[in-house]
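Input: a single structure, listed below in structure tokens.
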Amino acid sequence: MNAPMASGPADLFSRIDNESLEQELLQSGIVTTTLDSVINWGRKNSIWPMSFGLACCAIEMMSMSSSRFDIARFGAEVFRGSPRQSDLMIIAGRVSNKMAPVVRHLYQQMPEPRWVISMGACATSTGVFNNYALVPVNQVIPVDVFVPGCPPRPEQLIHAIMMLQEKIGQSNGSFKKVLNLA
Amino acid sequence: MPIPETLSEYPVAAALADLAVTGKHEFGELTLEIAADKIIDALRKVKHELGFERLSTVTGVDRFPAEPRFEVVYHLQSVKNNERVRLKVRLSGTNPEVESATSVYRGANWYERETFDLFGIHFTGHPNLTRIMLPQDWEGHPLRKDYPVTGTRY
């Protein structure tokens, strides 16, 4: 049992100091957590991106997945050829008016939960192009993380994936959604 | 205006003298302007008699607000003779229309679709004159000089 760490009203710290059950279980090799945390932990460490590049940003995306920057360190190295097997769509490049329906179609084909990173200035705001042909990607599909840059360096994209991992780790109700209860 | 005398030393120009309206030889490149209704005759001649077996490209030029407003430009190459020639026709802005070159060069098909898509020039007798670059429901022809750069949708 824990000894009181500071003087004060007896029950002031009891709620956070009382870890006796968890401690006892830990000593016998049992970890307690929530089902949500387990599911989020699994999801955030195995984000599978779709092999999908639209312009020059895709070169940086490929660089991110290769050995120098090595996205495998974050469990996200498995670029999938099919949207059915992907968790993450990286919009790496400009989205044209003609491509926009295709992007949305691919997004709809991805199984939930699914995430989107808008990579670079063109995808986010059409960037240097001020013309009739392009649309910002957030007018087409919902976006989780925007990455600035033209093009962003691979480190920046890795940072975006780390931010996405943080977001996935904090999401609520994952277990209920898995069971179709929410 | 017939083709200039100085072009008669070039066999291609001499062969097309009766079909050409005007022509020039600049920067080592021969350009001949052909009357719009004779372009198929001219293409047939350069392909079958002068050995230009390859049509490199068909493209358009918008000279808005000049009239005739449009040009359709045919770049031809002879692999055999290592020679190139450029043929042009001028078309009015009100109803830009020229006969399709697909009956002579089958490869003209997609080039003409592109020129139609971006300039709105109609190629009569084309087997499938639909948009090739832009979405099928697009309005307007973006490479025209009077088309707003940011488009008409947003």
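The values are calculated or read from the model by the stated rules, or taken from the named source; none is laboratory data. Owing to the predicted nature of the structure, the values given are computational and were not obtained by experimental measurement. Cβ placement follows ideal geometry from the backbone for every residue including glycine, while neighbour counts extend to all protein chains displayed.
Quick look at the values:
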read-out	value
Some residue of region B:12-32 being assigned to a helix (DSSP H, G or I), at pLDDT below 90, in contact with a strand residue (DSSP E or B) (Cβ under 9 Å, 6 or more places away or on another chain) and on the phi < 0 side of the Ramachandran plot	yes
Conditions (1) among the aromatic types (Phe, Trp, Tyr); (2) surrounded by 19 or more Cβ atoms within 10 Å (Cβ to Cβ); (3) within 13 Å of chain A (Cβ to nearest Cβ): number failed by B:TRP138	(2)
Residue satisfying condition, being modelled with pLDDT of 80 or more and not aliphatic (A, V, I, L, M), within set A:SER14, A:SER7, A:SER65	A:SER65
Qualifying positions in region A:108-138 - touching a Leu at 6+ places or on another chain (Cβ under 7 Å) and either aliphatic (A, V, I, L, M) or without any contact (Cβ under 8 Å) to a residue 60 or more places away in the chain (or both)	A:ILE117, A:MET119, A:THR126
Verdict on A:GLU112 being more than 26 Å from B:ILE132 (Cα to Cα), among the acidic types (Asp, Glu) and crowded, with 19+ Cβ neighbours inside 10 Å	no
Search result, residues across region A:36-54 that are at pLDDT 90 or above and hydrophobic (A, V, I, L, M, F, W, C)	A:VAL38, A:ILE39, A:TRP41, A:ILE47, A:TRP48, A:MET50, A:LEU54
Condition check for B:LEU143: touching a residue at least 40 places away in the same chain (Cβ under 8 Å) and part of a loop (DSSP other than H, G, I, E, B)	yes
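Here is a yes/no grid of residues against (1) polar (S, T, N, Q); (2) crowded, with 16+ Cβ neighbours inside 10 Å; (3) modelled with pLDDT under 90; (4) on the phi < 0 side of the Ramachandran plot:
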position: B:HIS48; (1), (2), (3), (4): no, no, no, yes
position: B:THR59; (1), (2), (3), (4): yes, yes, no, yes
position: B:LEU91; (1), (2), (3), (4): no, yes, no, yes
position: B:GLU97; (1), (2), (3), (4): no, no, no, yes
position: B:VAL104; (1), (2), (3), (4): no, yes, no, yes
position: B:ALA108; (1), (2), (3), (4): no, yes, no, yes
position: B:ILE121; (1), (2), (3), (4): no, yes, no, yes
